[in-house]
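Contents: one structure, followed by commentary.
The values are calculated or read from the model by the stated rules, or taken from the named source; none is laboratory data. These numbers were taken from a predicted model, which means no experiment stands behind them. Here Cβ is always computed from backbone atoms with ideal geometry, including for glycine, and neighbour counts include all displayed protein chains. SASA here: full protein model, heavy atoms, side chains in, ligands and nucleic acids out. Shrake-Rupley method; radii C 1.70, N 1.55, O 1.52, S 1.80 Å.
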Amino acid sequence: MNPLSGKHIVLGLTGGIACYKAAELCRALVKEGASVQVVMTEAAEHFITPVTMQALSNRPVYGSQWDAREPNNMAHINLGREADVVLIAPASADFMAKLLHGRADDLLSLMCLARPAATVPLIVAPAMNREMWANPATRRNVAQLRADGIRVLDVGQGEQACGESGDGRMLEADEILADLVAFFTPQALAGRRVLVTAGPTYEAIDPVRGITNLSSGKMGFAIARAAREAGADVTLVAGPVGLSTPRGVRRIDVRSAREMLGAVQAQVDGVDVFVATAAVADWRPANAADQKIKKDGSGETPVLRFIENPDILATVARSPRAQAGLRGEAGGLYCVGFAAESHDLLAHASAKRARKGVPLLVGNIGPATFGKDDNALLLVDELGATEVPRADKLALARQLVAEIARRLTRGSTSGHGA
Ligand code: C5P
């Protein structure tokens, strides 16, 4: 279930060039299943037209507190009452100062003040020139708005429309969307640290050739994203993939299995959950050549010899903290393995769970998942097998993260696991 589906969002636009990003944001929110009611200040209408926002939200836009369309003529009350959240993007420096003082001289500021604050949260995405953002007045306002319970999102860094470069750009639409999704996601992993491996590994034959596999990394990236949405501090160790890093996730890029093992071992201290989704090469060329192997015209072909790679998951699972996690002890490391099989999923997944020594093994049918956007999972733990029906990988990842969180609580309260 998408965390935004069925949510009603009032999207407020105030005056700033970042209004162009609000169009993209509105579209993204609608695509995620939310209904969006746009409210614009007069200044915002200088930057983008209500026509654009109406077309994207599929609802008439409100702008004036004197708008007579509402039967009771109280748009400022009705709009706020109906919302699950009020999101101001972009929020100008002036609008934040108005919010701070409880001023209410236009529809949007009136609505913010009049909304039932206990049940309708207010989120603002600031957008301004870097000097304005750095000004002590703005710093004070941001701190006070946060103290008042208003969620002030970060700003982006980089080139600004004014030609300067620094802090103050509004976040991109997909970043605001990610923050909003996290806002609506139960924080089941708050305070937990999660380490994920993802993607294939690449084992060099010589400086220009190597052996890899078809893993896209999509499932591991989706799990990192879902764990972050659920409030975890997430580190993602990624093999060579062309995927962008989920918002708020720390990413370490590696190539070979041995590099991946090194990165995992350097990060695993203090981690609560280790999820190994990477398709690690089982073998690597025994002697990678320092120089490109050349054809010498003799017609002879090179012979490759292989040696076995370390098993990252099994190595981590042998550690005393992982053993404590396997017994369901608080403070232990909970390890989750994946198995891509072509047949007899339950039998193979159960056997792999025992062989790797992990409390939870997630099975999937390999050829049906590599590179695809959807998949189906079989969760095998000490209590048996649970099917997670076919869905896109992000939806599966969110369910898997919820299942992991449930098992962490179960383990630490019952004191026994596998
Ligand atoms: O043995 P197999 O490759 O089928 O096991 C798959 C599981 O073990 C996955 O969770 C994968 O990430 C992990 N693994 C690993 N290091 C290896 C091989 C597999 O961490 N060298």
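If the condition is being within 8 Å of the ligand (Cβ to nearest atom) and of a type outside the set (S, T, N, Q), then segment 276-303 contributes Ala276, Ala278, Ala279, Val280, Ala281, Asp282. What about Gly231, is it more than 15 Å from the ligand (Cβ to nearest atom), under 12 Å from the mean Cα position of the chain (by Cα) and surrounded by fewer than 24 Cβ atoms within 10 Å (Cβ to Cβ)? The answer is yes for Gly231. The set of residues in segment 1-26 that are farther than 25 Å from Pro116 by Cα and free of Cβ contacts under 8 Å to residues at least 40 places away in the same chain comprises Tyr20, Ala23. Applying the selection to segment 325-346, what residues are at pLDDT below 95 and part of a loop (DSSP other than H, G, I, E, B)? Result: Arg327, Gly328, Glu329, Ala330, Gly331, Ser342, His343, Asp344.
Of all residues in segment 189-199, those satisfying the criterion of being buried (at least 23 other Cβ atoms within 10 Å of the Cβ) and assigned to a strand (DSSP E or B) are Val194, Leu195, Val196, Thr197, Ala198.
Within segment 166-177, if we keep just the residues that are under 14 Å from Met128 (Cβ atoms) and open to solvent by 20 Å² or more (accessible area, probe 1.4 Å), the residue that is modelled with the lowest pLDDT turns out to be Asp167.
Here Val358 meets each of (1) out of contact with any helix residue (DSSP H, G or I) (no Cβ under 6 Å at 6 or more places or on another chain); (2) part of a loop (DSSP other than H, G, I, E, B); (3) within 13 Å of the ligand (Cβ to nearest atom); (4) not polar (S, T, N, Q) with one exception, condition (1).
Yes or no: segment 210-218 includes at least one residue that is within 15 Å of the ligand (Cβ to nearest atom) and farther than 26 Å from Asp392 by Cα. Yes, segment 210-218 has at least one match. Assess whether Ser5 counts as being touching an Asp or Glu at 6+ places or on another chain (Cβ under 9 Å), farther than 26 Å from Leu145 by Cα and hydroxyl-bearing (Ser, Thr, Tyr). Here the answer is yes, as Ser5 does meet what is asked.
Looking only at segment 234-248, filter to residues that are among the hydrophobic types (A, V, I, L, M, F, W, C) and crowded, with 20+ Cβ neighbours inside 10 Å; which one of those is nearest to the ligand (Cβ to nearest atom)?
The initial filter retains those residues of segment 234-248 that are among the hydrophobic types (A, V, I, L, M, F, W, C), namely 234, 236-238, 241, 243.
Of the ones still in play, those that are also crowded, with 20+ Cβ neighbours inside 10 Å are 234, 236-238.
On the way: Val234: 16, Leu236: 13, Val237: 10, Ala238: 12 Å.
Top of the filtered list is Val237.
When the residues of segment 315-324 are filtered to those that are out of contact with any strand residue (DSSP E or B) (no Cβ under 8 Å at 6 or more places or on another chain) and either open to solvent by 70 Å² or more (accessible area, probe 1.4 Å) or not in a loop (DSSP other than H, G, I, E, B) (or both), the one that is nearest to the ligand (Cβ to nearest atom) is Thr315.
Annotation note: of Ala288, Ala281, the sole residue that is within 17 Å of Arg209 (Cβ to Cβ), at pLDDT 95 or above and not in a helix (DSSP H, G or I) is Ala281. Sub-7 Å Cβ pairs linking a first residue in segment 341-359 that is of a type in the set (S, T, N, Q) to a second residue that is more than 10 Å from the ligand (Cβ to nearest atom) and open to solvent by less than 40 Å² (accessible area, probe 1.4 Å), at least 6 apart or interchain, are Ser350/Val380, ordered by first then second residue. Looking only at segment 81-107, residues that are farther than 22 Å from Phe183 by Cα, part of a helix (DSSP H, G or I) and touching a Ser or Thr at 6+ places or on another chain (Cβ under 9 Å) come to 6 in all.
Give the residues of segment 65-80 that are assigned to a loop (DSSP other than H, G, I, E, B) and either on the phi > 0 side of the Ramachandran plot or in contact with a Leu (Cβ under 6 Å, 6 or more places away or on another chain) (or both), sorted by residue number.
Filtering segment 65-80 for residues assigned to a loop (DSSP other than H, G, I, E, B) gives 65-74.
Hits for segment 65-80 are Gln65, Asn73.
Could you go through segment 304-314 and let me know if any residue there is open to solvent by 100 Å² or more (accessible area, probe 1.4 Å), over 37 Å from the mean Cα position of the chain (by Cα) and away from the ligand (no atom under 16 Å from the Cβ). Yes: segment 304-314 contains one or more residues that are open to solvent by 100 Å² or more (accessible area, probe 1.4 Å), over 37 Å from the mean Cα position of the chain (by Cα) and away from the ligand (no atom under 16 Å from the Cβ). Of the numbered criteria (1) touching a helix residue (DSSP H, G or I) at 6+ places or on another chain (Cβ under 9 Å); (2) more than 21 Å from Ser109 (Cα to Cα); (3) surrounded by fewer than 18 Cβ atoms within 10 Å (Cβ to Cβ), the one Gly6 fails is (1).
The C-beta contact set for segment 37-59 (first residue without any contact (Cβ under 8 Å) to a residue 60 or more places away in the chain, second residue part of a helix (DSSP H, G or I) and open to solvent by 80 Å² or more (accessible area, probe 1.4 Å), distance under 6 angstrom, 6+ apart or interchain) comprises Leu56/Arg27.
Does any residue of segment 379-393 turn out to be within 25 Å of the chain's Cα centre (by Cα), among the basic types (Lys, Arg) and open to solvent by less than 20 Å² (accessible area, probe 1.4 Å)? For segment 379-393, residues within 25 Å of the chain's Cα centre (by Cα), among the basic types (Lys, Arg) and open to solvent by less than 20 Å² (accessible area, probe 1.4 Å): present. The residues in segment 108-157 that are farther than 12 Å from Gly168 by Cα, part of a loop (DSSP other than H, G, I, E, B) and open to solvent by less than 80 Å² (accessible area, probe 1.4 Å) can be counted, and the count is 7.
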